[in-house]
Amino acid sequence: MALEFSEPEFAGIIENNELVILDFWAEWCGPCKAYGPVFKRVSEDHPEVVFAKIDTNPSTPMKYGVRSIPTLLVFKNGEVVDKIVGAVPKTTLADKLNNQLG
């Protein structure tokens with residue numbers, strides 16, 4: 001299941017979970033909305049991973065070098081270990097995730 005939260009909350013989620021997939025998105029972003037179901041399906045296939053969405057604001061994306069949305073950051077043990085830019089197919093997201101779980 002994909003969680004939605006704000007910037008003050010996500011620091012604790014990243015630090016307290018081994019693997020977190022963080023989706024930077026915006027309500028006004030067409031590709032972000034179209035990508036939502038893919039993100040949700042992969043999250044349902046991997047209940048052992050925290051999938052989280054954060055509605056972007058000006059400061060959060062800059063902090064992590066996010067320049068376009070949708071962008072996914074993969075955090076492992078609190079550190080960014082991968083970045084996925086754009087609305088990628090389900091297989092691409094699943095493959096990237098499996099590489100981290102492997």
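The values are calculated or read from the model by the stated rules, or taken from the named source; none is laboratory data. Quantities reported herein were computed from a predicted structural model and do not represent experimental measurements. Backbone-built Cβ (ideal geometry, glycine too); neighbour counts: all protein chains shown. All accessible areas refer to the heavy atoms of the entire protein, side chains included, with ligands and DNA or RNA removed. Shrake-Rupley method; radii C 1.70, N 1.55, O 1.52, S 1.80 Å.
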With springs only between Cα atoms under 10 Å, which of 92, 56, 71 fluctuates most in a Gaussian network model of the chain?
92
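Over the chain, what percent of the accessible surface lies on carbon and sulfur atoms, probe 1.4 Å?
Carbon and sulfur together cover 53 percent of it.
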Using the Karplus curve 6.51 cos²θ - 1.76 cosθ + 1.60 with θ = phi - 60°, work out ³J(HN,Hα) for each residue of the range 63-71 in order, rounded to whole Hz, and write x for Gly and Pro.
4, 10, x, 7, 10, 8, 10, x, 9
How much accessible area per residue does the chain have, in Å², with a 1.4 Å probe?
55 Å²
Please list, ordered by chain and number, the residues whose modelled amide H lies under 5 Å from the amide H of residue 19; skip anything fewer than 5 residues away on the same chain.
50, 77
Once amide H atoms are placed 1.01 Å from N in the peptide plane, what residues at a sequence separation of 5 or more from residue 82, or on another chain, have their amide H within under 5 Å of its amide H?
74
Measuring from label point to label point, each 7 Å out along Cα→Cβ, what is the residue 85 to residue 98 span in nm?
2.6 nm
